[in-house]
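Student: Structure in structure tokens, see below.
The values are calculated or read from the model by the stated rules, or taken from the named source; none is laboratory data. Keep in mind it's a predicted model, so treat the numbers as computed, not measured. Using ideal geometry, Cβ is built from the backbone for each residue, glycine included, and neighbour counts are taken over all protein chains shown. Ligands, DNA and RNA are stripped out before the accessible areas are found, and what is left, the full protein with its side chains, is counted by its heavy atoms. Shrake-Rupley method; radii C 1.70, N 1.55, O 1.52, S 1.80 Å.
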Amino acid sequence: MLALVSPAAALAQEVPVAEPAPQEGSVDEPADVDLHDRRVDYQGRIVVTAAGLRQLDLLAGTSVIEGAELQRNLDGQLGEVLAGEAGVSASGFAPGASRPILRGFSGERVKVLVDGIGAIDASNTSDDHAVSIDPLTAESIEVLRGPAVLLYGSQAIGGAVNVIDKRIPRRMPADGAAHFDLLAGADTASDMREIGASADVPLADGLVGHVDGAWRKTDDLEIPGYAVSPLLRADLLADAAQEEAEGHPDEPAELREAAGARGILSNSASETWSTNAGVALFRGDSNMGVSFGIYDTFYGVPARPGAGHAHGEEEDEAGGEEEHGGEDVRIGLRQYRADFRGDIDLGAGLFDRLNLRAGYSDYTHTEFEGDEIGTVFDVSGIEARMQLVQNPLGALRGSVGAQYYARDFDAVGAEAFIAPNRTEQIALFALQEYGNGPIQIEGSLRFEDTAVDAPSLGLERQFTIWSFAGGLAWEGRRTFRAGVNLSRVARAPAAEELFSNGPHIATQAFEIGNPDLVAERSWGAEAYARGRLGDTEFSVAAFRNWFDDYIYLARTGGEADGLPVFAFRQQDATYTGFEAALTHGLHDDGALRIETDLKAEYVRARLADGSNVPRIPPLGLSAALSAETRQFDLRGEIEWYDAQNRTAAFETPTDGYALVNASLVFRPWEGNDAVRLMLKADNLFDVTARRATSFTKDYIPLAGRNVTISLRASI
């Protein structure tokens with residue numbers, strides 16, 4: 001999606017450099033710029049200097065969120081930050097855990113990255129596990145919709161989200177002066193308080209250091225009406241009447257209390273802090289750096305009302321099965337992370353640059369049931385990638401590279417539903433583009449060998465897969481580009497899909513894996529067009545994916561240990577959809593600029609047996625009107641989502657809803673974006689809204705009316 005973007009970021013604003021380049025994508029750029037004025041960045045992006053958009057055309061749906069947009073959408077969870085983008089939703093499991101969903105794909109099909117390297121946490125394991133990335137320290141966020149598997153591995157078959165921060169400094173500060181950033185905010189719906197700061201300091205000739213820290217605390221979330229959905233509320237009241245008729249004295253009151261809970265989402269508070277420190281050395285056109293960081297969060301997971309209530313007692317009397325529920329579940333998560341980045345100038349030979357990137361993570365995730373430790377998840381892993389960027393050879397440009405990934409996963413406790421396991425992956429890949437004229441041809445190839453072992457089960461699986469894609473693009477003489485892409489991509493099953501078998505109290509589900517799963521494969525087709533015509537910028541993409549052996553988690557209708565059973569299954573599936581965005585300038589006289597933003601998205605996903613893929617987002621539309629002056633920005637928007645009645649078996653449908661939001665930005669120094677004060681109001685009419693993509697939509701609605709104030713300063 002093409003967008004007008006500010007060069008500033010929400011917290012980690014780009015440090016001014018000694019020789020500043022023109023700002024990409026600024027509103028001062030001429031409307032008619034030849035798209036041939038661009039450079040290829042084969043770290044996985046093509047930089048289109050006419051629009052300031054980093055874009056690999058094999059991934060037609062790519063957008064960058066930064067500056068005022070990032071500050072306006074800022075949230076403690078990455079999924080919530082991106083949920084307003086076209087083609088993007090969020091898992092919304094709880095206020096403290098929400099992962100991005102791209103084109104209806106989630107979990108093991110969307111890879112979350114830090115500067116091109118995986119987060120290496122347990123957020124892919126289950127929706128209740130938070131992503132170990134603090135958006136408060138992000139400089140920008142890239143959203144890659146489509147087969148990002150070609151760049152980042154088979155766990156990105158549906159797309160990738162790449163968070164860019166400055167934990168390893170990216171440039172030397174201008175004039176040898178230190179650079180500081182600050183962001184602070186508060187809101188009303190959760191009584192949120194947050195503050196973050198970063199500093200970039202020259203240490204010696206060509207050597208720069210970075211340090212940042214952030215803290216965020218919320219109370220239980222305010223919601224508009226009942227916590228539970230109408231269907232669940234009716235079930236709870238019916239169960240209460242049945243318990244009363246059977247002469248049970250306590251259960252009816254508890255069930256009626258759960259059915260009547262409203263106004264506050266119990267056990268949804270959170271507290272998060274993070275810190276990073278790094279250093280980088282710059283010599284000529286090369287640089288190299290390292291960093292170390294800590295991410296820590298503690299958050300509540302609201303319980304499903306009535307879970308294990310009606311059946312648990314009967315099963316306990318009949319056969320002694322364990323009953324779950326009653327105790328608040330909270331999750332404590334801490335990650336220690338080390339990173340390395342190198343960008344080496346190789347001169348004028350066959351290869352122009354050598355790009356190196358590596359990350360190591362030591363992650364612990366503890367699920368508490370009341371004051372007792374339930375399950376502890378330990379993850380340690382490393383990911384490394386190397387790319388050789390070619391010098392242009394006539395009209396041929398590209399890169400080749402290799403990637404290595406290893407993860408050790410261990411779960412300890414009475415409810416350790418996944419056996420200890422190790423995943424190891426080795427990959428080779430190539431990206432190539434040919435053509436300097438209006439027609440360009442692009443191609444990509446990736447080989448990947450994945451081993452997944454669970455020694456305690458005596459199981460070992462090996463997957464050797466190939467993925468490839470090709471694209472044909474046409475560029476107009478001005479700022480217009482259109483093309484088609486075809487892809488054949490594959491994904492190895494994850495350890496969680498293979499080896500899960502047991503109760504997971506945080507999700508209140510009994511999860512069953514399938515060790516006989518085969519690799520998931522997909523043919524994909526995509527057509528896109530984007531550009532700028534006068535005062536209008538637009539981007540539209542339509543796609544279809546044909547899956548062989550699609551892996552999905554479905555509720556079976558059975559119960560075990562007083563919990564509903566969810567099993568990983570496999571059959572063919574199709575995904576069909578589109579996303580579109582348009583920005584049109586209505587007025588611009590130099591002192592006042594008025595523009596409108598329109599967005600639309602739709603996904604239809606079906607299994608081969610004619611049933612629906614679970615938890616798919618509905619049709620979504622949004623419209624915004626903004627006015628900008630040198631000192632004030634005013635914006636109003638409406639987000640509308642259709643009802644989702646195309647649900648899987650045992651899945652709750654969701655009603656449609658519309659959210660009205662508004663924001664006001666004030667710059668104390670006219671025309672200077674170094675200090676920005678923002679006042680924002682979301683869900684102005686206090687509407688009850690439930691995300692169709694959420695496992696917990698029955699009993700965790702979105703926040704009610706929420707007023708947020710935030711201050712960003714950069715000096």
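Student: Which loop-located chymotrypsin sites (Phe, Trp or Tyr not before Pro) does region 147-221 contain, where loop means any DSSP state but H, G, I, E or B and the Cβ has at most 13 other Cβ atoms within 10 Å?
Tutor: none
Student: Using a 1.4 Å probe over the heavy atoms of the protein chains, calculate the carbon and sulfur portion of the accessible area of region 345-502 as a whole percent.
Tutor: Carbon-and-sulfur percentage of accessible area, whole number: 64.
Student: With contacts defined as alpha carbon pairs under 8 Å and 6 or more residues apart, what's the relative contact order of region 634-685 in percent?
Tutor: Reported relative contact order: 34 percent.
Student: If each of L350 and Q462 carries a label point 7 Å out from its Cα toward its Cβ, how far apart are those two points in nm?
Tutor: 3.0 nm
Student: For G374, which sequence-distant residues (separation of 5 or more, or a different chain) have an amide H within less than 5 Å of its own amide H, given hydrogens modelled in the peptide plane?
Tutor: For G374, whose amide H was placed from the backbone, the distant partners under 5 Å are E367, F368, E369.
Student: Turning to a different aspect of this structure: Relative to the longest principal Cα axis of the chain, at what angle does helix 230-245 sit, 0 to 90 degrees, rounded to 10?
Tutor: With rounding to tens, the tilt is 20 degrees.
Student: Further question on the same structure: Checking the cross-link filter: which lysines have an alpha carbon closer than 23 Å to that of K111, excluding same-chain neighbours under 8 positions apart?
Tutor: Partners found: K166.
Student: Please state the charge dipole magnitude for region 593-688, taken about the Cα centre, from unit charges on C-beta atoms (+1 on K and R, -1 on D and E), reported in debye and rounded to the nearest 20.
Tutor: 160 debye
Student: How far apart, in nanometres, would the label points at F292 and N391 be if each is projected 7 angstrom from Cα along the Cα-to-Cβ direction?
Tutor: In this crude spin-label approximation the distance works out to 4.0 nm.
Student: Let me ask something additional. Residue farthest toward the positive end of the dipole of the chain, with Cβ of Lys/Arg at +1 and Asp/Glu at -1: which of G67, A384, A591?
Tutor: Checking the options against the dipole of the chain, the answer is A591.
Student: Right, next: Counting Lys and Arg as +1 and Asp and Glu as -1, what is the net charge of the other residues whose Cβ lies under 12 Å from the Cβ of E424?
Tutor: It works out to a net charge of -3.
Student: Of the listed peptides 452-459, 677-684, what is their order by residue-averaged count of other C-beta atoms within 10 Å, with the highest listed first?
Tutor: 677-684, 452-459
Student: First check a/c for region 150-227, with a ≥ b ≥ c the square roots of the eigenvalues of its C-alpha gyration tensor; if it is under 1.5, answer rounded, and if not, answer prolate when a/b is larger than b/c or oblate otherwise.
Tutor: oblate
Student: If you don't mind, another one. Let's see if you can work this out: charge +1 on each Lys and Arg Cβ, -1 on each Asp and Glu Cβ, no other charges. What is the dipole magnitude of the chain about its Cα centre, in debye to the nearest 20?
Tutor: 3200 debye
Student: Now for a different question. Gap in Å between the Cα centre of region 670-688 and the Cα centre of region 165-244?
Tutor: One Cα centre to the other: 16 Å.
Student: Determine the percent antiparallel among the DSSP beta bridges restricted to region 108-201, to the nearest 5.
Tutor: That works out to approximately 75 percent antiparallel.
Student: Over the chain, what relative contact order in percent results from Cα pairs under 8 Å that are six or more residues apart?
Tutor: The value is 12 percent.
Student: Something else now. May I ask you to derive the relative contact order of region 568-715, considering only C-alpha pairs under 8 Å and at least 6 residues apart, and to give it as an integer percent?
Tutor: Taking the mean separation of contacting Cα pairs over the length of region 568-715, I get 16 percent.
Student: What range in the chain is the longest one free of GluC sites (Glu not before Pro) that are in a loop by DSSP and have at most 13 other Cβ atoms within 10 angstrom?
Tutor: 247-669
Student: Continuing with this model, one more query. Add -39500 (n - 2.57) for each DSSP H run of 4 or more in the chain, then divide by its residues: what number comes out at 222 nm, to the nearest 500 deg cm²/dmol?
Tutor: Per the formula, -2000 deg cm²/dmol.
Student: Another one. Assuming a ≥ b ≥ c are the square roots of the Cα gyration tensor eigenvalues, decide whether region 81-162 counts as rounded (a/c under 1.5), prolate (otherwise, with a/b larger than b/c) or oblate.
Tutor: rounded
Student: Another question, then. So which chymotrypsin sites (Phe, Trp or Tyr not before Pro) in region 603-700 are both in a DSSP loop and have at most 15 other Cβ atoms within 10 Å of their Cβ?
Tutor: F650, W669, F685
Student: Related question: Can you check what the net charge comes to around Y295, using other residues whose Cβ is under 14 Å from the Cβ of Y295 (Lys, Arg +1; Asp, Glu -1)?
Tutor: So the environment of Y295 carries a net charge of -4.
Student: Right, next: Could you give the length gained on full extension between V376 and A238, defined as 0.36 nm per residue of separation minus the Cα-Cα distance, in nm?
Tutor: 46.0 nm
Student: Can you tell me the orientation of helix 251-260 relative to the chain, as the angle in degrees between its alpha-carbon axis and the longest Cα principal axis, to the nearest 10?
Tutor: 30 degrees
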